[in-house]
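The values are calculated or read from the model by the stated rules, or taken from the named source; none is laboratory data. It should be emphasised that the depicted structure is a prediction, and the values quoted were computed from it without experimental measurement. So basically every Cβ, Gly included, is an ideal-geometry build from the backbone, and we count neighbours across all protein chains shown.
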Amino acid sequence: MSSVGTDDFLKAVAVGRPPNVVKLFPNSRALIVSGKFIDRAMLKKGRAMTIAANGRNHLIIRGVLAAAQRANAAIIVEIARSEGGASAYCATNYWNMARQVDAVCNELGITVPVAIHADHYGIKTPDDIWPAKVEIPTLFEAGLTSIAIDASHMPDDENLLANIELNPFIPKWAGLETEVGEIKGKHGLSTAEEALFLIQGLNAHGIFPDWIALNNGTTHGIEKSDSGIQVDLTAEIHNALEPYGVSGAQHGTSGNNSERLRNIASRTRTTKANVATALQMISWGVKVDDYGNAEMDEKGEFIKLKGQGVSERLWDEMKAYAEKQGWKGGNYKKLNLPFENKIMGQPVYIRQRMAKAVEDFVYDLLVNVFNAQDTAPICIESILKAGCFNPGPKVKRIEQPEEWTEELIREKAKSIESDKGPEGDFDD
């Protein structure tokens, strides 16, 4: 499919940007849209999912957007609460991410649709709910167009009730993701029973998530697993959820090779795949394998490719800083915040090669693994057909509200057999 014509693009900009984006960027030509449109574009193409790229540094954002334009693909740029919330370890955060995306889109002439997603907005206990009611509206005021409410660390009834209580603070037009089962690799895999409980309960309350994230056998960060994502389990759960119109969000793609990711795209209802650690490492110039994992030498240190990523001098400084802090392996992610300005202070040719390495990696995933190429015109066509910034829910209410009161929710949850696995930190 060819790229969209200028007239259709401008029409989509005029009608497809949600009101918060229009208010923030009244003179912009960046097509920042609801995550709902991105999901629907993948569904319409079929057996396609796009990257939800964690923009841990500015050059990642530049590379991702360039790759999407090159692949003619609708894309999502996101940051998790741990990465970009109030206690961020990245310079990119919930409140500046949309501004960065908008600026880059206008600078580079990006014309593909982009959603700005607050990933893993974590609710760990009921005490987190009241502060979230204050903070969530500020995320949309800052230009976000999609959010993942992640209360999966709590018991199933508390997870559902937290989603219900927070929903009034999320615009109806925004993309919405929910989650069941902490993301913990081989431990505590999600079940269809858990997922149905969450989605049916939300449906009864008139809440229709675009995506659900499962604990389907993967982890976040740097880890290669022999098992990885359980494709059959994912397909089974997605099939059970089919009447409720919810798509899959695949978290923790690092640790899974291209073939397994192709199977997720082709055999399940997944339309969104999070990619985080791999992009960070590639931007820095660290060698990454087909699993998206950074490769290490015999000393257990990351292999920095000479002439790629940050300068050798800056890399040595980053390593020394990490060693002083006692950071190893996945904790190198904490280097993002203290080194963002030093990264941006490098010569232009270094910044360009960092962004280009991310671009090439993301382009390959979009085109050769995720089947997301040429979804931008499909997305724009959907926007023009809707004639507005909100395509509406994919389904209607099926469940009866009177069967999903708080009392009955707590009673139903008692019969669910679930294993959320051991405690851990898998917010990214």
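Quick check on this structure: which one of GLU223, GLU242, GLU259, GLU301 is at pLDDT 95 or above and of a type in the set (Asp, Glu)? Walk me through it before giving the result.
Values: GLU223 fails: at pLDDT 95 or above; GLU259 fails: at pLDDT 95 or above; GLU301 fails: at pLDDT 95 or above.
The unique qualifying residue is GLU242.
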One residue is enough: does the range 316-336 have a residue meeting the conditions touching a residue at least 12 places away in the same chain (Cβ under 8 Å), surrounded by fewer than 16 Cβ atoms within 10 Å (Cβ to Cβ) and of a type in the set (Gly, Ala, Ser)?
yes
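If you go through the range 144-160 one residue at a time, how many are surrounded by fewer than 24 Cβ atoms within 10 Å (Cβ to Cβ), hydrophobic (A, V, I, L, M, F, W, C) and part of a helix (DSSP H, G or I)? It would help to see each step written out before you state the result.
First pass over the range 144-160, keeping only residues surrounded by fewer than 24 Cβ atoms within 10 Å (Cβ to Cβ): 153-155, 157-158.
Adding the requirement that they be hydrophobic (A, V, I, L, M, F, W, C) leaves 154.
Remaining after also requiring part of a helix (DSSP H, G or I): none.
Summing the residues that are surrounded by fewer than 24 Cβ atoms within 10 Å (Cβ to Cβ), hydrophobic (A, V, I, L, M, F, W, C) and part of a helix (DSSP H, G or I) in the range 144-160 gives 0.
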The listed residue being modelled with pLDDT of 90 or more and either assigned to a strand (DSSP E or B) or not small (Gly, Ala, Ser) (or both), out of LEU202, LEU189:
LEU202
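From VAL22, VAL4, VAL13, which residue is more than 14 Å from ALA174 (Cβ to Cβ), at pLDDT below 95 and surrounded by 13 or more Cβ atoms within 10 Å (Cβ to Cβ)?
On the way: VAL22 fails: at pLDDT below 95; VAL13 fails: at pLDDT below 95.
Just one listed residue meets the conditions, VAL4.
For every residue, the table says whether it meets (1) in a helix (DSSP H, G or I); (2) within 23 Å of THR50 (Cβ to Cβ); (3) within 20 Å of the chain's Cα centre (by Cα).
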site: LYS334; (1), (2), (3): yes, no, yes
site: ILE343; (1), (2), (3): yes, no, no
site: ARG353; (1), (2), (3): yes, no, no
site: ASN368; (1), (2), (3): yes, yes, yes
site: GLN373; (1), (2), (3): no, yes, yes
Is there a residue being at negative phi, part of a helix (DSSP H, G or I) and touching a helix residue (DSSP H, G or I) at 6+ places or on another chain (Cβ under 7 Å) anywhere in the range 80-88?
yes
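Quick check, is ARG313 touching a residue at least 40 places away in the same chain (Cβ under 8 Å) and assigned to a helix (DSSP H, G or I)? First the steps, then the outcome.
On the way: touching a residue at least 40 places away in the same chain (Cβ under 8 Å): no; assigned to a helix (DSSP H, G or I): yes.
No; evaluated as a whole, the condition is false for this residue.
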Filtering the range 344-360 down to residues that are in contact (Cβ under 8 Å) with a residue 24 or more places away in the chain and of a type in the set (A, V, I, L, M), which residue is surrounded by the fewest Cβ atoms within 10 Å (Cβ to Cβ)?
MET344
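So which residues in the range 113-125 are touching a Ser or Thr at 6+ places or on another chain (Cβ under 8 Å) and surrounded by fewer than 22 Cβ atoms within 10 Å (Cβ to Cβ)? Before you say what the answer is, go through the steps one by one.
Let us first name the residues in the range 113-125 that are touching a Ser or Thr at 6+ places or on another chain (Cβ under 8 Å), namely 115-118, 120, 122.
The one that is touching a Ser or Thr at 6+ places or on another chain (Cβ under 8 Å) and surrounded by fewer than 22 Cβ atoms within 10 Å (Cβ to Cβ): GLY122.
Out of ILE129, ILE110, report the one residue that is surrounded by fewer than 18 Cβ atoms within 10 Å (Cβ to Cβ), out of contact with any strand residue (DSSP E or B) (no Cβ under 7 Å at 6 or more places or on another chain), at pLDDT 95 or above and of a type in the set (Val, Ile, Thr).
Details: ILE110 fails: surrounded by fewer than 18 Cβ atoms within 10 Å (Cβ to Cβ).
None of the others qualify; the one that does is ILE129.
Would you pick out the residues in the range 361-376 that are surrounded by fewer than 15 Cβ atoms within 10 Å (Cβ to Cβ) and touching a residue at least 24 places away in the same chain (Cβ under 8 Å)?
The initial filter retains those residues of the range 361-376 that are surrounded by fewer than 15 Cβ atoms within 10 Å (Cβ to Cβ), namely 364, 368.
ASN368 - this is the single residue of the range 361-376 that is surrounded by fewer than 15 Cβ atoms within 10 Å (Cβ to Cβ) and touching a residue at least 24 places away in the same chain (Cβ under 8 Å).
Which of the residues that make up the range 40-67 are farther than 18 Å from ASP374 by Cβ and small (Gly, Ala, Ser)?
Going through the range 40-67, the residues farther than 18 Å from ASP374 by Cβ turn out to be 52-63.
Within the range 40-67, ALA52, ALA53, GLY55, GLY63 qualify.
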Which residue is farthest from LYS272 (Cα to Cα), if the candidates are limited to the range 76-91 and must be crowded, with 24+ Cβ neighbours inside 10 Å and in contact (Cβ under 8 Å) with a residue 60 or more places away in the chain?
CYS90
Residues of the range 97-129 being more than 16 Å from VAL64 (Cβ to Cβ) and of a type outside the set (Phe, Trp, Tyr), which ones?
ALA118, HIS120, GLY122, ILE123, LYS124, THR125, PRO126, ASP127, ASP128, ILE129
Might you let me know whether the range 278-289 holds any residue that is of a type in the set (Val, Ile, Thr), over 24 Å from VAL348 (Cα atoms), modelled with pLDDT of 95 or more and crowded, with 17+ Cβ neighbours inside 10 Å?
no
Is it fair to say GLU259 is assigned to a helix (DSSP H, G or I), under 18 Å from the mean Cα position of the chain (by Cα) and of a type in the set (Asp, Glu)?
no
Can you confirm whether ASN341 is in contact (Cβ under 8 Å) with a residue 40 or more places away in the chain and in contact with a Cys (Cβ under 8 Å, 6 or more places away or on another chain)?
no
Inspect the range 124-143 for any residue being without any contact (Cβ under 8 Å) to a residue 40 or more places away in the chain and assigned to a loop (DSSP other than H, G, I, E, B) and give the result as yes or no.
yes
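Which of the following residues is in contact with a His (Cβ under 9 Å, 6 or more places away or on another chain), of a type in the set (Val, Ile, Thr) and closer than 30 Å to SER382 by Cα: ILE136, ILE164? Steps first, please.
On the way: ILE136 fails: in contact with a His (Cβ under 9 Å, 6 or more places away or on another chain).
Going through ILE136, ILE164 in turn, just one is in contact with a His (Cβ under 9 Å, 6 or more places away or on another chain), of a type in the set (Val, Ile, Thr) and closer than 30 Å to SER382 by Cα: ILE164.
Wholly within the range 1-62, which helices (runs of 4 or more DSSP H) include no fewer than the required count, namely at least 3 residues that are under 28 Å from SER266 (Cα atoms) and touching a strand residue (DSSP E or B) at 6+ places or on another chain (Cβ under 7 Å)? Lay out the reasoning, then the answer.
Numbers: elements: 6-16, 19-24, 35-45.
Output list reads 35-45.
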